[in-house]
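Read the structure below first, then the notes.
The values are calculated or read from the model by the stated rules, or taken from the named source; none is laboratory data. Quick caveat: nothing in here was measured; it's all calculated off a predicted structure. Every residue, glycine as well, gets a Cβ built from its backbone with ideal geometry; the counts of neighbours run over all protein chains shown. In case anyone asks, the SASA skips ligands and DNA or RNA and just uses the protein heavy atoms, side chains included. Shrake-Rupley method; radii C 1.70, N 1.55, O 1.52, S 1.80 Å.
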Amino acid sequence: MAICQVQFNDDTVKIPEKVLRRDQARLEELERRRNEKESQSVAEENVDYFTATFSAEKAAIEDLISSCANTDHEKATKMLEDATLKTQQLQKFLNDSVMFLTQYELRQAQASVQKLQGSVVERRAEVMPKKKFAFRSRTARTSQPSASMPVGDKDKTTYFVGNAAVHVRASAEQYGFSNVDSQVLIKRSEEIQQRDVLLSHLADCKVILYGSPNTVHIKNVRDCQILCGPVSSSVFVDECTGCTLVFACQQLRTHNTTATQVYLHVTSRAIIEDCHGVSFAPFNWTYQGMDNDFRVSGLDPKRNNWSQVDDFNWLASGTPSPNWTVIPESERISCWDAKEPSS
Amino acid sequence: MGLLTILKKLKHKEREMRLLMLGLDNAGKTTILKKFNGEDVSTISPTLGFNIKTLEHRGFKLNIWDVGGQKSLRSYWRNYFESTDGLVWVVDSADRLRLEDCRKELGALLLEERLAGATLLVFANKQDLPGALSKDAIREALTLDEIKTHHWCIVGCSAVTGENLLTGVDWLLDDIAARIFTAD
Ligand SMILES: Nc1nc2c(ncn2[C@@H]2O[C@H](COP(=O)(O)OP(=O)(O)O)[C@@H](O)[C@H]2O)c(=O)[nH]1
Ligand SMILES: [Mg+2]
């Protein structure tokens, strides 16, 4: 890797300029050689090839979506799963081609991918009538309509920032739960797929998010159990206490959090900052359709760095951070469905 | 050494720029840097410390410093201010809850004497998310229109799709070039 990542502690802050410069020169030479090679291969990239492949794939997906109307349930489900997967791959293909496309081509292609994603979700809602979800326990309540409303006001939200009031057409687009007490809150895949989800100001709730959000923010949550399917990018946790969090993600960033357990699958790294009493165990929740959600998320199910937690308040020392621990195997929760929310 | 060689050498040196990329953690700084350089962005870890990357673009040599945005690291940002030509401020456009924090940090930065001459590019990143605020909403939230001390511009972009990254960087280079390379 050409990037020079320098551990930030008291020693390295004082790296002599000379050493830095020498190292920089070495990296630059490596970089130059790599760039030379790369620009050659980029020159060979062919916009025509992109256009042809992209439109063929797009047509195939549209075919899948439209033909699943005339088939039985099981087949339709399979076809839609297939369409989701193919759309995901198309997005990847597009991402990898960005460097040689014009802004216009990129925008067109991105719009097509988004349209495909939209049609898959729509069609899925048509084909599969929503199952009524019931909990076995009598004490657990299912979510109220008010709680599953998008965050904020119906059509307009005003944010006061400094002296300026910012009006944003916000809420319809942002999904999650806010300001809820003592409830069971559930979202299904079609509501949160590849969206940004916000969970804030919750107390004594059990939250279950089936599906693959793009990113999740969890802020100011107390005594909750939160289960979530694979998240494509980062999960950002701030001001949580007494919680049990169970999810898979690419990055986990935990701030100002205490007395919280995290059952984690993370493909890059987890960090904590200004936390104490946080403990970690490997992600061990499964639900029907999770494998497919993993594919949609783009996360590698076999790559889990749950136990390599970096503490940003504990960089200078050679000793392990006192702010986090591993949950002993004998004390790990293994059955999530049986667990009821605290009352 | 002939005069021409010396001139060429000088010129070469002059076409170097130092860009500093800052913003709150999780904004997408490292992802932007890697995407701009055509690298894989799916394996990026939260930045402990900093990344330095040198790359060539339009005949300019760019020295880009990507410094970690965590609270405990923000006081170290100062260590990187020296001789900065361009400041790239990255915002997570979907993170409404930290906009105020974001505005304050940027405001404090612009008061720094050592950044006085720098051009400011604001990237309203993560525009691919359905809940992202538009670049105009970000502009209002960060009260950018009140900035009179620096040349600035805001560009909506996505580090994941790569959309508008080039547009932003090209604006930044043009502005810096007009300012510091006018001698030739
Ligand atoms: N959806 C989306 N996610 C992004 C974008 N840019 C960065 N991310 C994700 O945001 C998280 C933080 O990115 P990173 O570059 O590490 O942030 P940094 O702390 O500013 O360096 C990662 O999980 C990225 O995949 C973007 O444009 N769109
Ligand atoms: Mg980073």
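Worth pointing out:
- Candidate set: region B:8-44, residues that are over 17 Å from residue B:171 (Cα atoms) and more than 16 Å from ligand 2 (Cβ to nearest atom); chosen: the one modelled with the highest pLDDT: B:38
- If the condition is being in contact with a Ser or Thr (Cβ under 7 Å, 6 or more places away or on another chain) and within 11 Å of ligand 1 (Cβ to nearest atom), then region B:34-69 contributes B:41, B:43, B:44, B:45, B:47, B:51, B:66, B:68.
- Residue under evaluation residue A:201, criteria (1) open to solvent by 10 Å² or more (accessible area, probe 1.4 Å); (2) at pLDDT 95 or above; (3) within 16 Å of ligand 1 (Cβ to nearest atom), criterion not met: (3)
- Output for region B:52-83, where each listed residue is open to solvent by 10 Å² or more (accessible area, probe 1.4 Å), part of a loop (DSSP other than H, G, I, E, B) and not aromatic (Phe, Trp, Tyr): B:58, B:59, B:75, B:82, B:83
- Meets criteria (more than 12 Å from ligand 2 (Cβ to nearest atom), closer than 20 Å to residue B:124 by Cα and among the aromatic types (Phe, Trp, Tyr)) for residue B:60: no
- Taking the listed residues B:66, B:128, the one that is in contact with a helix residue (DSSP H, G or I) (Cβ under 9 Å, 6 or more places away or on another chain), within 30 Å of residue A:305 (Cβ to Cβ), facing another protein chain (nearest Cβ under 9 Å) and within 16 Å of ligand 2 (Cβ to nearest atom) is B:66, with no other qualifying.
- The set of residues from region B:19-33 being touching a residue at least 60 places away in the same chain (Cβ under 8 Å) and within 11 Å of ligand 1 (Cβ to nearest atom) comprises B:21, B:22, B:23, B:24, B:26, B:27, B:28, B:29, B:31, B:32.
- Among the candidates A:239, A:191, residue that is touching a strand residue (DSSP E or B) at 6+ places or on another chain (Cβ under 9 Å), at pLDDT below 95 and either crowded, with 24+ Cβ neighbours inside 10 Å or within 12 Å of chain B (Cβ to nearest Cβ) (or both): A:191
Residue-by-condition table, conditions (1) modelled with pLDDT of 70 or more; (2) assigned to a helix (DSSP H, G or I); (3) surrounded by 13 or more Cβ atoms within 10 Å (Cβ to Cβ); (4) touching a Pro at 6+ places or on another chain (Cβ under 8 Å):
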| position | (1), (2), (3), (4) |
| --- | --- |
| A:15 | no, no, no, no |
| A:27 | yes, yes, yes, no |
| A:48 | yes, yes, no, no |
| A:61 | yes, yes, yes, no |
| A:69 | yes, yes, no, no |
| A:76 | yes, yes, yes, no |
| A:95 | yes, yes, yes, no |
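- Top-ranked residue of region B:29-62 - restricted to ones that are of a type in the set (Val, Ile, Thr) and more than 7 Å from chain A (Cβ to nearest Cβ), ranked as farthest from residue A:33 (Cα to Cα): B:47
- Among residues of region B:47-73 that are touching a residue at least 40 places away in the same chain (Cβ under 8 Å), those with a beta-carbon under 6 Å from a residue that is more than 10 Å from ligand 1 (Cβ to nearest atom) and charged (D, E, K, R) at least six positions away or on a different chain give the pairs B:60/B:15; B:61/B:16; B:63/B:18; B:64/B:53; B:70/A:273.
- Region A:219-243, residues that are within 14 Å of residue A:278 (Cα to Cα) and out of contact with any Gly (no Cβ under 7 Å at 6 or more places or on another chain): A:237, A:238, A:239, A:240, A:241, A:242, A:243
- Out of A:125, A:170, one residue alone is under 23 Å from the mean Cα position of the chain (by Cα), modelled with pLDDT under 80 and open to solvent by less than 10 Å² (accessible area, probe 1.4 Å). It is A:170.
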